[in-house]
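Single-structure report; data block below.
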Amino acid sequence: MAELTTTGGFQYTFKPEAVLGLTDHDGATAVTCVYGVTAGVVKIAEGVAEFLIRIGMAGNFAQLTRANGAPIWFNAGAVGGIRAPLPNEYAAAVRSVISAGSFVQGVAEDQAAAKARINAHGGKL
């Protein structure tokens, strides 16, 4: 089990593999958005790399790129599918959509590149 404390002071105990995805909150501060621990997003005052090392999952997360150029990390073992975006579903820069449980995000990488990165970190697509 692992633990985290939100920026609001709430503490959670969770299985590390429950984390489905991570985003850097704003790029300027060490605040990370954690998806999968609860039904919504949880914000922590810890950088992505530090958090992943601390919970023992650094090698299990694949880094991809959001439509705005910001990084996004997916738990490769939790990714269940990659598909093309539907017409008008996402910004034009989105070339594929990745689903990891309830965490679904559009990324700039095409499906082949996204699949290669996911599989390089333990995914099985």
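The values are calculated or read from the model by the stated rules, or taken from the named source; none is laboratory data. This structure is a prediction, so every number in the text was calculated from the model and none was measured. Glycine gets a Cβ as well: all are built from the backbone with ideal geometry, and neighbour counts include every protein chain shown.
Odds and ends about this structure:
- When the strands (runs of 3 or more DSSP E) confined to the range 1-41 are screened for residues that are within 19 Å of GLN63 (Cα to Cα), those reaching at least 1 such residues are found at 21-24, 32-35.
- Answer residue from the range 19-41, given it is crowded, with 18+ Cβ neighbours inside 10 Å and over 21 Å from ASN68 (Cα atoms) and is farthest from the chain's Cα centre (by Cα) among those: VAL37
- For the range 77-102, the set of residues classified as under 16 Å from the mean Cα position of the chain (by Cα) and at pLDDT 95 or above consists of GLY77, ALA78, VAL79, GLY80, GLY81, ILE82, VAL94, SER96, VAL97, ILE98, SER99, ALA100, listed by residue number.
- Single unsatisfied condition, LEU52 versus (1) over 10 Å from the mean Cα position of the chain (by Cα); (2) not in a helix (DSSP H, G or I): (2)
- Among (1) crowded, with 20+ Cβ neighbours inside 10 Å; (2) out of contact with any helix residue (DSSP H, G or I) (no Cβ under 8 Å at 6 or more places or on another chain), the one test that ILE53 misses: (1)
- Answer residue from the range 103-125, given it is more than 8 Å from LEU64 (Cβ to Cβ) and within 13 Å of the chain's Cα centre (by Cα) and is surrounded by the most Cβ atoms within 10 Å (Cβ to Cβ) among those: ILE118
- Flag for VAL94 being part of a loop (DSSP other than H, G, I, E, B), β-branched (Val, Ile, Thr) and under 20 Å from LYS115 (Cα atoms): yes
- Of all residues in the range 60-76, those satisfying the criterion of being under 13 Å from the mean Cα position of the chain (by Cα) and surrounded by fewer than 16 Cβ atoms within 10 Å (Cβ to Cβ) are GLN63, ALA70, PRO71.
- Considered as a group, the residues in the range 68-86 that are part of a strand (DSSP E or B) and out of contact with any Leu (no Cβ under 8 Å at 6 or more places or on another chain) include one that is farthest from GLU109 (Cα to Cα), and that residue is GLY80.
- Residue selection: LYS43 satisfies the criterion of being touching a strand residue (DSSP E or B) at 6+ places or on another chain (Cβ under 9 Å), within 19 Å of THR13 (Cβ to Cβ) and at pLDDT 95 or above.
- So ASP110, is it on the phi < 0 side of the Ramachandran plot, at pLDDT below 95 and not small (Gly, Ala, Ser): no
- The residue pairs whose first member lies in the range 11-23 and is in contact (Cβ under 8 Å) with a residue 24 or more places away in the chain and over 19 Å from GLY122 (Cβ atoms), whose second member is surrounded by fewer than 18 Cβ atoms within 10 Å (Cβ to Cβ) and not small (Gly, Ala, Ser), and whose beta carbons are closer than 6 Å, counting only pairs six or more residues apart or on different chains, are THR23/CYS33.
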